[in-house]
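Step one of this worksheet: look at the structure below.
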Amino acid sequence: MEKVVTFDCYGTLVDFDLDRVVRATLKERLRVDGVDEAEFLRDFRVMRFQAVLEGYRPYKVILAASLEHAMRLHGMPYRRQDGDALVAAVPTFGPFPEVPAVLARLKEEYQIAIISNTDDDLIRGNVERIGVDFDYVITAEQARAYKPSREAFEHALRVTGRRPDQVIHAAQGFEYDIMPTYGLGMRRIWINRSGRRGSSAFMPYEEIPDMARLPGLLGL
């Protein structure tokens with residue numbers, strides 16, 4: 001059976017710029033005296049990560065609840081339409097410039113799949129904007145589990161019908177994707193778009209700065 005290349009979606013294939021949406025939604029509330037914008041956005045990211053470690057809830061709920069909690073922590077009034085605006089923006093995010101051509105090239109030799117922390121209806125718009133046919137689009141809604149849980153990856157293996165050694169997983173989320181797949185047996189490629197430091201504790205993994213170098217790394 002041919003190998004499959006699996007991808008994280010948001011931040012790997014799709015330019016998932018939630019910070020921009022938050023700034024546009026909150027506007028003057030982010031400029032209230034005493035609010036540190038960078039600290040607020042960092043807390044919002046941390047709260048999203050903490051939320052996916054808990055029992056399964058739809059991603060729409062996680063986004064809105066994490067935003068509300070971060071805003072309350074920083075003394076900002078939360079309105080339901082704040083969370084609604086964030087959720088509505090998710091399907092509008094399109095791919096990084098190099099992604100469609102890279103995926104089209106990979107499809108000549110591999111099956112390709114998405115493993116994403118999202119809802120089925122949200123990711124549909126992102127996949128349409130990528131413009132490449134995926135063999136599998138696997139979501140947390142289907143798995144009833146979020147990465148970094150091993151359950152999310154084990155569900156993906158069942159759906160694709162592959163053993164771990166038949167999977168090449170490429171993702172930008174070190175804590176969501178690279179760390180939890182340590183020791184699972186799949187080849188792992190870190191798309192390190194932000195230039196973060198990795199960790200030798202979770203080696204072996206390969207590291208490239210964007211998707212453009214992936215075909216070459218796979219010998220294409």
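The values are calculated or read from the model by the stated rules, or taken from the named source; none is laboratory data. Not measured: the values here are computed from a predicted model. Using ideal geometry, Cβ is built from the backbone for each residue, glycine included, and neighbour counts are taken over all protein chains shown. These accessible areas exclude ligands, DNA and RNA; they are computed on the full protein's heavy atoms, side chains included. Shrake-Rupley method; radii C 1.70, N 1.55, O 1.52, S 1.80 Å.
Remark: segment 1-105 carries a charge dipole of roughly 240 debye about the Cα centre, counting +1 on each Lys and Arg Cβ and -1 on each Asp and Glu Cβ. Using a probe of 1.4 Å, the accessible surface attributed to K3 totals some 100 Å² when neighbouring protein chains are kept in position. Assuming charge only on the beta carbon of Lys and Arg (+1) and of Asp and Glu (-1), the dipole of segment 1-51 about its Cα centre is about 120 debye to the nearest 20.
Note on Q81 and R150: their simple-model spin labels are 4.7 nm apart, each label 7 Å out from Cα toward Cβ. The modelled label-to-label distance between R124 and R57, using points 7 Å beyond Cα along the C-beta direction, is 2.4 nm.
Computed extension gain for L220 through D165, at 0.36 nm per residue and net of the alpha carbon distance, reaches 17.9 nm. Between the beta carbons of E37 and R197, assuming R0 = 35 Å, the FRET efficiency works out to 0.90 to the nearest 0.05.
Computed from the alpha carbon atoms alone, the convex hull of segment 48-170 holds 115 Å³ per residue. Normalised by 2.2 N^0.38 Å, where N is the number of residues, the C-alpha radius of gyration of segment 124-196 stands at 1.13. Taking a span of 18 Å or more along the helix axis (Cα atoms) and a mean Kyte-Doolittle hydropathy of at least 1.6 as the rule, no DSSP H helix of the chain qualifies. Kindly report, to the nearest 10 Å², the accessible surface of L30 as traced by a 1.4 Å probe over protein heavy atoms only. In the full protein context, L30 sits at about 10 Å². Rounded to the nearest 20, the Cβ-based charge dipole of the chain about its Cα centre (Lys and Arg +1, Asp and Glu -1) stands at 220 debye.
Distant-in-sequence amide contacts of E207, defined by a placed amide H-H separation under 5 Å and a gap of 5 or more residues or a different chain, comprise W190. Peptides 159-168, 67-76 ordered by packing proxy, namely the average of other Cβ atoms within 10 Å per residue, highest first: 67-76, 159-168. Peptides 95-102, 192-199, 45-52 ranked from most to least packed, by the mean per-residue count of other Cβ atoms within 10 Å: 95-102, 45-52, 192-199.
The mean of 1/r over all pairs of different alpha-carbon atoms in segment 1-81, once inverted, gives a Kirkwood hydrodynamic radius of 14.2 Å. In this calculation the C-beta distance from D210 to A24 is compared with R0 = 25 Å, giving a FRET efficiency of 0.45. Only helices enter this figure: runs of n ≥ 4 DSSP H residues, each worth -39500 (n - 2.57), summed and divided by the residues of the chain, yield -11500 deg cm²/dmol at 222 nm to the nearest 500. Maximal additional length on extending the V132-L184 stretch stands at 15.9 nm, based on 0.36 nm per residue less the C-alpha distance.
Taking only protein heavy atoms and a 1.4 Å probe, the accessible area of segment 129-184 is 43% carbon and sulfur. A simple spin-label model places pseudo-atoms 7 Å from Cα toward Cβ; at A101 and F49 they are separated by 3.3 nm.
Please say if segment 38-80 is rounded, prolate or oblate, where rounded means a/c under 1.5 for a ≥ b ≥ c the square roots of the C-alpha gyration tensor eigenvalues, and otherwise the choice is prolate for a/b larger than b/c and oblate otherwise? Oblate is the answer for segment 38-80, as a/c is 1.5 or above yet b/c matches or exceeds a/b. Taking every protein chain into account, the accessible area of the chain amounts to 47 square angstrom per residue (probe 1.4 Å). A dipole drawn for the chain from +1 and -1 charges on Cβ atoms has a positive end, and of H169, I191, A38 the residue lying farthest that way is A38.
Just one of (i) 13.6; (ii) 11.9; (iii) 18.6 is mean projected area of the Cα convex hull in nm² as worked out from the coordinates here. Which one is it? This structure yields the entry labelled (ii).
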